[in-house]
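Notes for the one structure printed next.
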Amino acid sequence: MIKLNRRIAALKPSATMAAETRATELKAAGVDVISLAAGEPDFDTPERIKEAARRALAAGQTKYTPVAGTRELKEAIRLKLKRDNGLDYEIAEIMASAGGKQAEANIIAALFDEGDEVIIPTPAWVSFVAMVNLSGARATLVECPEGNGFTLDPERLRRAITPRTRGIILNSPSNPTGAVYSASQLGELAKILLEAGLWVLSDDVYEHIAYDGAAPHLFQIEPRLKAKGFALNSLSKAYAMTGWRIGFAAGPKEAIAAASRLQGQNSGNPNSITQIAAIEALTGPQDEILAMREEFRRRRQLVVERVRKIPGFSLPHVPGGAFYVFPNISALIGTHLDGRAVADGNAFADLILDAAQVAIVGGNDFGAPHHVRLSYATSIDNLNAAFDRIERVVAKLQR
């Protein structure tokens, strides 16, 4: 057996990517699979963005760029942060990376060390814990009850802070729950975070997919947090640019410089053509965002109605953002079909893929083993067909 680095050896595959990969493999084998697993808009990248990339290719703009992105891209990110979030940053406080995931991983690796603790409210995106563990720090998981809309209660936050706690990761709108923090909720959390002096990482990837007005930003509500805070974002969701791989971080320049040095050693600059496309995305007309959000809103209404009709599914809260529902399937735990037991969310997801040919993601790796995540980033026809299949399988479950 090959001896691996102990942190890499302990690393689990991403649950969301694993579910989508298996669905793709089944489709390639001729199985009629409907995927509700992907965290990816099903829209095409807007034509104006693709055209900017074509022009860049034709002009031969295919060389290395500065490691943390061109000045022109950083200016575009700076404009976006001011326009959308009311946040002012200097060029030296901004870095671009090959996707939001890389930006977050580099910031986490630059900030935290052995013995540090980083608070992660759960349910949480599956990669947060992995990123913290890879830095050598320890993830402190704080459960956010469904009864509280999957948002972090201030007292739970206060109790989770220890002398070793150095940071927290907040995600609003949330993957996987769709929860969106209100301005008042963020204000209450901000008081505790200021008092504790923690690094605050704000994952804003789904900010433009919020259904009840703009999602408030923590650093705009409490500007003093910005001195130890990072705005982390991606163009993947808002502009349907998942495969282009471009994201960014904005925060204190010393930490941004450290994360940029790390990026310089582990990957180098983000793709040169993608950077030019990103400038067009951020600075051009923003009409596509509204159109996509309204289509997601229409799908959300359908999905909430369909989920609530499935016996054993519970969805007390309508998601306020993102494009996921995260129903509780506790009532189905202990049922079985053809000798296969539903022990938790992962087992149910496996059963649904095999028996219904619908890919969903179990809640285990999100920190909620009695839940499943279903994405509505697919067509209305696909959604209706998927729920018809799921309902038929659930009707066959036995005690």
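The numbers here are math on the coordinates, done by the rules we state, and not lab data. Small disclaimer: the values here were computed from a predicted structure and weren't measured. Note: ideal-geometry Cβ built from the backbone for every residue, glycine included; neighbour counts use all protein chains shown.
Gaussian network model of the chain, Cα springs within a sub-10 Å range: biggest mean-square fluctuation belongs to which of THR162, THR21, THR70?
Maximum among the listed residues: THR162.
Once label points are set 7 Å from the Cα along Cα→Cβ at both ALA257 and GLN286, what is their separation, rounded to one decimal in nm?
Roughly 3.2 nm, to one decimal.
Between LEU302 and GLU47, how high is the FRET efficiency from 1/(1 + (r/R0)^6) when r is the Cβ-Cβ distance and R₀ = 22 Å? Nearest 0.05.
Details: r = 28 Å, r/R0 = 1.25.
Efficiency at R0 = 22 Å is approximately 0.20.
Taking the Cα centre of region 47-283 as origin, work out the dipole magnitude from +1 charges on Lys and Arg Cβ and -1 charges on Asp and Glu Cβ, in debye rounded to 20.
Approximately 680 debye in magnitude.
Using only the alpha-carbon atoms, how far is helix 272-283 inclined from the longest principal axis of the chain? Give it as 0 to 90 degrees, nearest 10.
Once rounded, the angle reads 90 degrees.
Roughly what angle does helix 345-356 make with the longest principal axis of the chain, taking Cα atoms, 0 to 90 degrees, to the nearest 10?
Taking Cα atoms only, the helix is inclined about 60 degrees.
Find, among the trypsin sites (Lys or Arg not before Pro) in region 162-219, those assigned to loop by DSSP (not H, G, I, E, B) with at most 15 other beta-carbon atoms within 10 angstrom. Provide the component values of the computation, followed by the final result.
Details: sites: ARG164, ARG166, LYS191; in loops: ARG164.
Answer in residue order: ARG164.
For region 1-33, which trypsin sites (Lys or Arg not before Pro) pass both filters: DSSP loop (anything but H, G, I, E, B) and at most 11 other C-beta atoms within 10 Å? It would help to have the intermediate numbers written out before the result.
Working: sites: LYS3, ARG6, ARG7, ARG22, LYS27; in loops: LYS3.
Sites meeting the loop and neighbour criteria: LYS3.
Kindly express, to the nearest 10 degrees and within the range 0 to 90, the angle between helix 183-196's C-alpha long axis and the longest C-alpha principal axis of the chain.
The two axes meet at around 60 degrees.
At 222 nm, what value in deg cm²/dmol follows for the chain if DSSP H runs of at least 4 each add -39500 (n - 2.57) and the sum is divided by all its residues, to the nearest 500?
Numbers: 14 runs with 169 residues, N = 399.
Computed mean residue ellipticity for the chain: -13000 deg cm²/dmol.
Determine the sum of side-chain charges near ALA231: Lys and Arg each +1, Asp and Glu each -1, restricted to other residues whose C-beta is under 12 angstrom from that of ALA231.
On the way: positive: ARG78, LYS80, LYS82, LYS226; negative: ASP84, ASP88, GLU93, GLU104, ASP203, ASP204, GLU207.
Its environment carries a net charge of -3.
If you average the alpha carbon positions of region 285-336 and of region 1-69, how far apart do those two centres end up, in angstrom?
Spelled out, the Cα-based centre of one part sits 24 Å from the other.
Go ahead and set up a Gaussian network model of the chain, Cα springs under 10 Å, then flag whichever of THR24, THR378, THR16 fluctuates most.
So, out of THR24, THR378, THR16, the one fluctuating most is THR24.
Could you check what % of the DSSP bridge pairs in the chain are antiparallel, to the nearest 5? Mind dumping the intermediate values first?
Details: 18 of 38 bridges.
Once the DSSP bridges in the chain are tallied, antiparallel ones form about 45 percent.
In what sequence do LYS253, LYS237 fall when counting other Cβ within 10 Å, fewest first? Mind showing how you got there, number by number?
Values: LYS253 15, LYS237 26.
Result, fewest neighbours first: LYS253, LYS237.
Looking at region 280-316, which trypsin sites (Lys or Arg not before Pro) are DSSP coil and have at most 15 other C-beta atoms within 10 Å of their C-beta?
Values: sites: ARG293, ARG297, ARG298, ARG299, ARG300, ARG306, ARG308, LYS309; in loops: LYS309.
Sparse-neighbourhood loop trypsin sites (Lys or Arg not before Pro): LYS309.
Between (1) 22.4, 82; (2) 22.2, 65; (3) 21.0, 65, which matches Rg and Dmax of the Cα atoms in Å calculated for the structure shown?
Matching entry in (1) 22.4, 82; (2) 22.2, 65; (3) 21.0, 65: (3).
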